[in-house]
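Let me begin by presenting the structure, written as structure tokens, before commenting on it.
The values are calculated or read from the model by the stated rules, or taken from the named source; none is laboratory data. Owing to the predicted nature of the structure, the values given are computational and were not obtained by experimental measurement. Here the Cβ positions follow ideal geometry from the backbone for every residue, glycine too, while neighbour counts run over all protein chains shown. These accessible areas exclude ligands, DNA and RNA; they are computed on the full protein's heavy atoms, side chains included. Shrake-Rupley method; radii C 1.70, N 1.55, O 1.52, S 1.80 Å.
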Amino acid sequence: MKKHLLLSIVLLSILTLYLPATAQQSVTHQNVFDTIPFIMDHHKRRLEKFSKEPMSTGKILFLGNSITEGGPWAELLGDPTVVNRGIGGDFSYGILNRLDEIIQRKPSKLFLLIGVNDIGNDIPDAVIADNVRKIVTRLKAESPATEIYIQSILPVNPEYPRFPQHYDKQYHVLMTNQLLHKVALDTKVTFVNLFPLFLDDRQRLDANLTKDGLHLNRKGYEIWVEHLREMGYLPRAPLKID
């Protein structure tokens, strides 16, 4: 009897130590996801850089994470005034927290792409879509002249080993894109479905368009910009007269 009692006490002690961590991991209330440490050193450096740039208004602005940050937008658009507000590693919560500077710029057009890092860290699809809804709602209220474009999350390719937390989430990418489309309809802004532009015949991010299975190479960005032009969302590059 004493032996069983001692064993029970030991097991209870182990469970007491283990359960708090387990409970914290299994919490699903969306507010807890705002505690994810998206503000890394790179994030801080980018914000410092942004704060030192002239406060120009009425420009085309690209907003998002590393996929946006890596885009040579000014070069591809032939417009040196294009504003790149991509930050590698950023989440939808990060965008929400840095909207003040975006709104101050009163961009003529704003192209938003966010969500793959949220998905990679198991933030629920509905939470991502709700954050995008909050982003768009505030932009419309405080910069009403801005044309807003919600862009779909891009496909990924699981054959690359560098970002495994993203590569098994293609289903969540598709589900989140459906929710983002609904957000665009509800808020009366434009939804840009980039997802099919980058697929191979196995419905994965085309290896010819990526560096690592997640980020695009130069050719990928060229396809992206050309699509925006074909849809009439971006102006054609000005003709060069020799």
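Could you derive backbone 3J(HN,Hα) for segment 110-122 from the dihedral phi with the Karplus parameters 6.51, -1.76 and 1.60 (θ = phi - 60°), listing whole Hz in sequence and x where the residue is Gly or Pro?
10, 10, 9, 9, 8, x, 5, 6, 4, 4, x, 10, 6
Let me check something: with ligands and nucleic acids excluded, how do ASP206, ASP41, ASP212 order by accessible area (1.4 Å probe), largest to smallest?
Details: ASP206 35, ASP41 105, ASP212 15 Å².
So the residues, ranked largest to smallest area, are ASP41, ASP206, ASP212.
Along segment 189-205, what does the Karplus equation 6.51 cos²θ - 1.76 cosθ + 1.60 (θ = phi - 60°) give for ³J(HN,Hα), rounded to whole Hz, x for Gly and Pro?
With the stated coefficients, segment 189-205 comes to 10, 8, 9, 10, 8, 7, 3, x, 5, 10, 8, 8, 6, 10, 6, 10, 4 Hz.
Name the residues whose placed amide hydrogens come within less than 5 Å of the amide hydrogen of THR210, ignoring near sequence neighbours (fewer than 5 apart) on the same chain.
Those qualifying (amide H under 5 Å, at least 5 residues apart or on another chain) are ASN217.
Compute the Cα gyration tensor for segment 101-237, then decide on rounded, prolate or oblate, letting a ≥ b ≥ c be the square roots of its eigenvalues: rounded whenever a/c is under 1.5, prolate when a/b is larger than b/c in the other cases, and oblate in all that remain. Don't skip to the answer; put the middle values down first.
Working: a/c = 2.09, a/b = 1.36, b/c = 1.54.
Oblate, because a/c is 1.5 or more while a/b does not exceed b/c.
Can you list the residues of segment 134-165 with backbone N under 15 Å from a point 7 Å past the Cα of ASN193, pointing along Cα to Cβ?
The answer is 150-155, whose backbone nitrogens lie closer than 15 Å to the label point.
So which of LYS49/LYS109; LYS188/LYS219; LYS134/LYS188; LYS109/LYS134; LYS106/LYS188; LYS134/LYS211 end up more than 23 Å apart by C-alpha? Walk me through the numbers on the way to the answer.
Values: LYS49/LYS109 21 Å; LYS188/LYS219 31 Å; LYS134/LYS188 13 Å; LYS109/LYS134 18 Å; LYS106/LYS188 18 Å; LYS134/LYS211 32 Å.
Exceeds cut-off: LYS188/LYS219; LYS134/LYS211.
For a quick check: with amide H placed at 1.01 Å from N, whose amide H comes under 5 Å from LEU199's, ignoring anything fewer than 5 positions away on the same chain?
Sorted by chain and number, the residues that satisfy this are ASP206.
How do SER92, SER51 rank by accessible surface area computed with a 1.4 Å probe, from largest to smallest?
Details: SER92 0, SER51 90 Å².
Of SER92, SER51, the descending order of accessible area is SER51, SER92.
With charges set only on the Cβ (+1 for Lys and Arg, -1 for Asp and Glu), what does the dipole of segment 140-215 come to about its Cα centre, in debye to the nearest 20?
Dipole of segment 140-215, to the nearest 20 debye: 140 debye.
Once phi is turned into ³J(HN,Hα) by the Karplus curve 6.51 cos²θ - 1.76 cosθ + 1.60 with θ = phi - 60°, what whole-Hz value does each residue of segment 64-78 show in order, with x for glycine and proline?
x, 9, 5, 5, 6, 4, x, x, x, 4, 4, 5, 5, 8, x
Any idea how far apart GLN203 and ASP168 come out in nm if each label point goes 7 Å out from Cα toward Cβ?
For GLN203 paired with ASP168, the spin-label model returns 1.9 nm.
For HIS227 and SER51, what does the FRET efficiency come to when R0 = 30 Å and r is the distance between their Cβ atoms, rounded to the nearest 0.05?
Details: r = 32 Å, r/R0 = 1.07.
Calculated value: 0.40.
Within segment 61-138, what whole-number % of the accessible surface is contributed by carbon and sulfur, with the 1.4 Å probe and all protein chains included in the calculation? Before the final figure, lay out the partial values.
Values: 1140 of 2180 Å².
C and S atoms contribute 53 percent here.
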